[in-house]
Structures are given as structure tokens and as C-alpha cells.
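Participant: Structure below; questions to follow.
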Amino acid sequence: MNIVDIILDKRYGRELSDEQIAFFVNGVTNKTIPDYQISALLMAIVLNGMNEREMTTLTISMADSGIKNDLSYVGGIAVDKHSTGGVGDKITPIVLPLCRTFGVNSVKLSGRGLGFTGGTVDKFASITGFNIDVPKEDFPRLVNDVGMVISGQTPDLAPADKVLYALRDVTGTVDSIPLIASSIMSKKIAGGAGAIVLDVTCGSGAFMKEVDRAKELAVAMIKIGNLARRRTVAVITDMDQPLGLTCGNIIEMHEVYEVLNGRGTSDVIEVASNIGAWMVKLAGKNGALEGESLVNECKARIMDGRVLNEYIKLIKSQGGVIGSNGEPVYQDECNMVYEVKASQTGYIGAIAADVIGHASVQLGSGRIKKDDEIDFGAGISFEKKRGDAVIEGETICKLYLGSKTKLVDKTETIKRVEQMVLSAYKISSSKPDEVCAVIDILGV
Ligand code: URA
């Protein structure tokens with residue numbers, strides 16, 4: 001078999017055989033195919049697509065390219081969740097303990113933030129003492145003790161995806177449904193998931209800007225999941241404005257604490273309850289509760305302190321420090337340094353979540369390069385969200401920096417971020433239509 005023929009087949013729109021796809025993934029993993037040929041095939045896939053069988057074979061070959069986790073110690077069906085990315089996405093720290101209240105154990109391998117979307121691992125790392133690099137040998141003990149473990153992803157999981165993702169990032173080949181779907185699903189399958197709940201985000205802060213495209217991606221992942229015998233459900237969620245009231249690391253973990261004390265915003269509660277309900281259902285731990293009543297039970301548990309109890313157990317089990325007020329202690333402070341004021345009177349029509357995400361990264365909350373150090377205290381809080389009325393000069397956002405900020409040009413950066421935030425907020429003369437945080441649920 002030869003890689004040039006495979007590239008030509010895809011270039012002319014022909015279906016690739018299972019053997020051709022396996023040959024390609026092997027060559028990627030063993031580094032016997034050079035980057036330029038890998039990139040050429042990636043571009044041909046972007047342009048000519050892949051059918052369900054090709055996507056599934058690509059996914060399974062990528063999942064098989066490294067070690068596969070055996071999560072049998074979790075007990076029952078190991079349900080995993082995955083978000084296709086967003087700004088202000090603080091759902092994982094809520095749903096893991098939520099699922100635990102129903103007796104569902106979880107092993108969650110999460111990513112660090114890169115680009116404008118935040119990483120769950122960085123958010124947990126902002127808690128003093130919290131260990132996010134848990135050795136695999138300790139997973140069963142933690143699951144046995146508290147029913148949950150969260151850790152950074154290890155490089156031996158789907159290594160072919162690491163090579164492909166790095167090349168896609170620099171060859172204009174990220175935005176492709178077969179490539180995104182196989183990248184995500186290969187990691188879930190290699191991670192040991194028996195069932196998968198996908199949070200497929202949609203809007204300015206997501207890969208998929210339109211609902212139809214988000215649904216197309218969701219359907220592709222559901223088909224792959226089902227062909228790979230993993231029951232898969234996709235919750236399509238709104239990312240046309242940041243989720244909740246904050247983006248950053250400490251500031252988002254503080255918001256999680258607020259949510260679990262009954263002070264959360266409806267969008268966060270809605271998304272977390274729907275994702276959690278489906279995880280509980282796929283794990284078979286929903287008892288007599290179904291549909292709306294299961295979602296409502298999830299909401300009640302988030303609001304009444306039951307999820308908070310489990311959350312605190314999770315934090316303590318991985319070394320996190322809890323203060324005398326019951327809240328986790330964070331690695332730094334969030335110092336409010338600037339209030340961004342509305343430039344006109346009207347209603348908030350939209351908040352470009354991607355621009356907000358980039359603005360937060362400029363303050364230091366995320367990485368521009370892989371090895372950048374994060375300022376855990378940096379971030380943005382939203383005083384006004386879509387649909388809110390605003391008067392010219394009123395505060396729409398607050399900007400925060402940690403006490404260990406590395407910014408050398410603080411004033412300049414804050415001015416630049418102010419302009420970015422102002423450009424992200426679209427103020428209109430009429431109140432926009434309401435958009436539900438959960439747009440649709442597929443694969444049920
Ligand atoms: N997340 C992934 O893991 N892979 C993609 O291709 C896109 C989002």
C-alpha cells in the first residue's frame with residue numbers, strides 16, 4: 001500500500017478502504033509518513049469528506065493507536081462527557097458530583113486550555129493543593145473512596161490524534177466534521193467510555209457557528225459512537241454568548257461554588273442538569289425518573305446542597321484545600337482592575353463569545369503558546385448578558401488580574417481588552433428573542 005495512492009483516492013472523492021485508513025493511522029503513529037503527506041490527505045478529507053464507515057474506521061484506528069483504559073473498576077457503565085468547547089464552560093465540575101449523587105462513578109480525563117476556550121484542568125488547578133496529574137494506579141482507590149477522579153489527559157491516549165491535531169492546527173484543516181468527530185470520539189473510546197454524553201456547542205464561541213452544522217457534527221459523533229457500540233447522546237447547547245457570569249479560572253471555580261449554593265444562573269443550571277440527567281440515564285441509575293422529571297431532580301440537587309457535598313469531597317480527595325467558610329481556597333486572588341462601560345443605551349443583543357475568550361486570554365487567563373504560564377486570577381465577569389437592558393455608561397463587564405500577573409504592559413493590555421469587550425457586546429434598540437441554553441438533544 002502506498003500513501004500517495006491513498007491521497008489520490010481521497011482527492012478524487014473515492015471512498016477509502018478500512019485497510020487504507022489503518023495504514024494511514026499506523027504511519028502517523030509510527031512517524032513513517034511525513035507531515036506533508038499527512039497534511040495532503042487531511043486537506044483531501046476536508047474537501048471531499050468521509051462516509052460513516054470511513055469515519056468510524058478512522059476513529060477506531062486512532063483509539064487503537066495508543067493505550068486503552070479499562071474502567072471496569074468504575075462499576076456498571078462508565079459514562080463520559082465531552083464538550084466541543086466554549087467560553088465560561090464550567091459544566092464538568094458540576095456534573096461529576098451531580099452524577100455521584102445518583103451513585104454514578106466517573107473517571108474524567110480533561111484537557112488544558114489552548115486558544116480562546118478554557119480548560120477544565122486549569123480551572124481545577126487554580127485550587128490550592130489540588131492535584132490534576134493523578135497517577136493512573138490511584139484512579140481505582142479514588143473511585144472507591146469518593147466515586148470520582150479528574151485528571152489531565154496522558155500522551156499515550158490516542159497518540160495519532162495528537163499528531164493529526166497539531167498538523168490540522170497549522171494547515172487550515174481543523175474545521176471538518178469527520179476530522180473533529182474522529183478526534184473527539186477516539187479519545188473518549190480510548191479513555192474507556194462505555195457510553196458518551198456530548199455537549200455540542202453552537203454559536204460565536206464554538207467550532208460550529210450555526211445550529212445545522214452543530215447538529216451535523218452531533219449526528220456524525222452519534223453514528224460513530226453507536227457503530228463502536230457506545231451509546232451516545234448529544235446535547236446541543238448555546239455558545240452565542242459566554243456561559244454563566246464569568247470566564248477565567250479562579251473566577252469560574254468561585255462561580256461553580258455559587259451555583260452549588262443555589263445562586264447559579266439559569267443557563268448554567270439548564271446545561272448542567274440536562275448533561276447530568278443523560279449521564280445518569282445512560283449509566284442506568286435514573287431509577288423511576290425519566291425526561292423532564294429527571295432533569296428537574298438534577299436541578300433540585302444542584303440547588304439544595306447535595307451536589308455541593310460531593311463537590312467538596314472531590315476537591316479534598318485530590319488534595320484541594322477547603323477554607324473555614326466552606327469554599328475551596330484558591331492559588332491567588334482575583335483583583336478587579338477595570339470596569340468596561342456600555343457605549344450606548346439599548347439591549348444586549350449578542351456577546352461574541354470567541355472575542356471574550358480571546359480578551360480573557362490577553363489578561364492572562366489562558367495560553368497563547370503551549371508552555372505559557374497562566375494567571376489563575378485573571379478573567380472577566382459579565383454584569384450584563386444577552387437580553388438585558390443597558391444605559392450608556394453602565395458597567396457591562398469587569399476585568400480581573402491575579403496578584404501574580406506577569407503583564408508588563410498592564411495599562412496597554414487593559415485598554416486593548418476594553419476595546420475587544422466593547423466590540424464583542426452588540427447593543428441593539430430592541431430586546432432580542434430569547435434563546436434556550438439547551439437547543440436540542442439528539443441520539444435519544
Ligand atoms: N476537540 C478535539 O478534541 N478535537 C477536535 O478536532 C476539535 C475539538
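The values are calculated or read from the model by the stated rules, or taken from the named source; none is laboratory data. All figures in this text were calculated on a predicted structure; none of them were measured in a lab. Don't worry about glycine lacking a Cβ; one is built from the backbone with ideal geometry, like all the others, and counts go over all protein chains shown.
Participant: What's the number of the only condition in (1) in a helix (DSSP H, G or I); (2) closer than 22 Å to residue 237 by Cβ; (3) away from the ligand (no atom under 14 Å from the Cβ) that residue 61 fails to meet?
Facilitator: Here residue 61 meets the rest and fails (2).
Participant: Let me ask something else. Could you grab me the full set of residues in the range 165-180 that are part of a loop (DSSP other than H, G, I, E, B) and more than 11 Å from the ligand (Cβ to nearest atom)? Can you show your working first?
Facilitator: First, the residues of the range 165-180 that are part of a loop (DSSP other than H, G, I, E, B): 172-176.
If the condition is that a residue be part of a loop (DSSP other than H, G, I, E, B) and more than 11 Å from the ligand (Cβ to nearest atom), then 172 is the only one that fits.
Participant: For residue 397, all conditions in the list (1) loosely packed, with under 12 Cβ neighbours inside 10 Å; (2) at pLDDT 95 or above hold save one; what is the number of the exception?
Facilitator: Answer for residue 397: the failing condition is (1).
Participant: From the residues in the range 207-216 that are touching a helix residue (DSSP H, G or I) at 6+ places or on another chain (Cβ under 7 Å) and within 13 Å of the ligand (Cβ to nearest atom), which one is farthest from residue 85 (Cα to Cα)?
Facilitator: From the range 207-216, those touching a helix residue (DSSP H, G or I) at 6+ places or on another chain (Cβ under 7 Å) are 207-208, 216; that's our starting set.
Checking the rest, the ones that are also within 13 Å of the ligand (Cβ to nearest atom) come to 207-208.
On the way: 207: 8, 208: 10 Å.
Checking each candidate, the answer is 208.
Participant: Could you tell me how many of the residues in the range 426-441 are within 23 Å of the chain's Cα centre (by Cα) and closer than 17 Å to residue 392 by Cβ?
Facilitator: Going residue by residue through the range 426-441, those that are within 23 Å of the chain's Cα centre (by Cα) are 435-441.
Then keep just the ones that are closer than 17 Å to residue 392 by Cβ; that gives none.
Matching residues across the range 426-441 total 0.
Participant: Determine if the range 132-147 includes at least one residue that is in a helix (DSSP H, G or I), within 19 Å of the chain's Cα centre (by Cα) and without any contact (Cβ under 8 Å) to a residue 12 or more places away in the chain. Spell out how you get there, then give the answer.
Facilitator: First, pick out the residues of the range 132-147 that are in a helix (DSSP H, G or I): 136-146.
Retained after the next criterion (residues that are within 19 Å of the chain's Cα centre (by Cα)): none.
Scanning the range 132-147 turns up no residue that is in a helix (DSSP H, G or I), within 19 Å of the chain's Cα centre (by Cα) and without any contact (Cβ under 8 Å) to a residue 12 or more places away in the chain.
Participant: Residues that are farther than 26 Å from residue 241 by Cβ and away from the ligand (no atom under 16 Å from the Cβ): does the range 80-96 have at least one? Working first, answer last.
Facilitator: Going residue by residue through the range 80-96, those that are farther than 26 Å from residue 241 by Cβ are 80.
Add one more test, that the residue is away from the ligand (no atom under 16 Å from the Cβ), and what stays is none.
Within the range 80-96 (the criterion being farther than 26 Å from residue 241 by Cβ and away from the ligand (no atom under 16 Å from the Cβ)), the answer is no, since none of the residues qualifies.
Participant: Quick one: is residue 197 away from the ligand (no atom under 13 Å from the Cβ), surrounded by 19 or more Cβ atoms within 10 Å (Cβ to Cβ), under 15 Å from the mean Cα position of the chain (by Cα) and β-branched (Val, Ile, Thr)?
Facilitator: Answer is yes for this residue.
Participant: Here's something else I'd like to know. Residues being part of a loop (DSSP other than H, G, I, E, B) and closer than 17 Å to residue 419 by Cβ: count how many of those fall in the range 332-363.
Facilitator: Counting residues in the range 332-363 that are part of a loop (DSSP other than H, G, I, E, B) and closer than 17 Å to residue 419 by Cβ gives 4.
Participant: Yes or no: residue 319 more than 21 Å from the chain's Cα centre (by Cα) and free of Cβ contacts under 8 Å to residues at least 60 places away in the same chain? Before the answer, list the steps.
Facilitator: On the way: more than 21 Å from the chain's Cα centre (by Cα): yes; free of Cβ contacts under 8 Å to residues at least 60 places away in the same chain: no.
In short, no.
Participant: Considering only the range 104-148, state which residues are more than 16 Å from the ligand (Cβ to nearest atom), within 26 Å of residue 359 (Cα to Cα) and surrounded by fewer than 18 Cβ atoms within 10 Å (Cβ to Cβ).
Facilitator: 128
Participant: I've got another one for you. Take residue 233 and decide whether it is in contact (Cβ under 8 Å) with a residue 40 or more places away in the chain and part of a strand (DSSP E or B). Spell out the reasoning first.
Facilitator: On the way: in contact (Cβ under 8 Å) with a residue 40 or more places away in the chain: yes; part of a strand (DSSP E or B): yes.
Here the answer is yes, as residue 233 does meet what is asked.
Participant: While we're on this one: Is it the case that residue 412 is in contact (Cβ under 8 Å) with a residue 24 or more places away in the chain and more than 23 Å from the chain's Cα centre (by Cα)? Explain how you work it out, then say what you get.
Facilitator: On the way: in contact (Cβ under 8 Å) with a residue 24 or more places away in the chain: no; more than 23 Å from the chain's Cα centre (by Cα): yes.
So residue 412 fails the test.
Participant: Still on this model: From 215, 188, which residue is of a type in the set (Lys, Arg) and either farther than 30 Å from residue 349 by Cβ or part of a loop (DSSP other than H, G, I, E, B) (or both)?
Facilitator: On the way: 215 fails: either farther than 30 Å from residue 349 by Cβ or part of a loop (DSSP other than H, G, I, E, B) (or both).
So the residue among 215, 188 that is of a type in the set (Lys, Arg) and either farther than 30 Å from residue 349 by Cβ or part of a loop (DSSP other than H, G, I, E, B) (or both) is 188.
Participant: Pick out the one residue from 188, 162 that is within 16 Å of the ligand (Cβ to nearest atom), without any contact (Cβ under 8 Å) to a residue 24 or more places away in the chain and charged (D, E, K, R).
Facilitator: Working: 188 fails: without any contact (Cβ under 8 Å) to a residue 24 or more places away in the chain.
Of 188, 162, the one residue that is within 16 Å of the ligand (Cβ to nearest atom), without any contact (Cβ under 8 Å) to a residue 24 or more places away in the chain and charged (D, E, K, R) is 162.
Participant: Is there any pair with a first residue in the range 74-95 that is farther than 22 Å from residue 297 by Cβ and a second that is assigned to a strand (DSSP E or B) and more than 16 Å from the ligand (Cβ to nearest atom) whose Cβ atoms are under 6 Å apart and which are 6 or more apart or on different chains, and what are they?
Facilitator: Close Cβ pairs (under 6 Å, with a partner that is assigned to a strand (DSSP E or B) and more than 16 Å from the ligand (Cβ to nearest atom)) amount to 87/247; 88/247.
Participant: Ok, one more. Closer than 30 Å to residue 436 by Cα and modelled with pLDDT of 95 or more: does that describe residue 387? Before you say what the answer is, go through the steps one by one.
Facilitator: Numbers: closer than 30 Å to residue 436 by Cα: yes; modelled with pLDDT of 95 or more: yes.
So residue 387 passes the test.
Participant: Does residue 16 qualify as being under 22 Å from residue 159 (Cα atoms), in a loop (DSSP other than H, G, I, E, B) and touching a residue at least 24 places away in the same chain (Cβ under 8 Å)?
Facilitator: It is true that residue 16 is under 22 Å from residue 159 (Cα atoms), in a loop (DSSP other than H, G, I, E, B) and touching a residue at least 24 places away in the same chain (Cβ under 8 Å).
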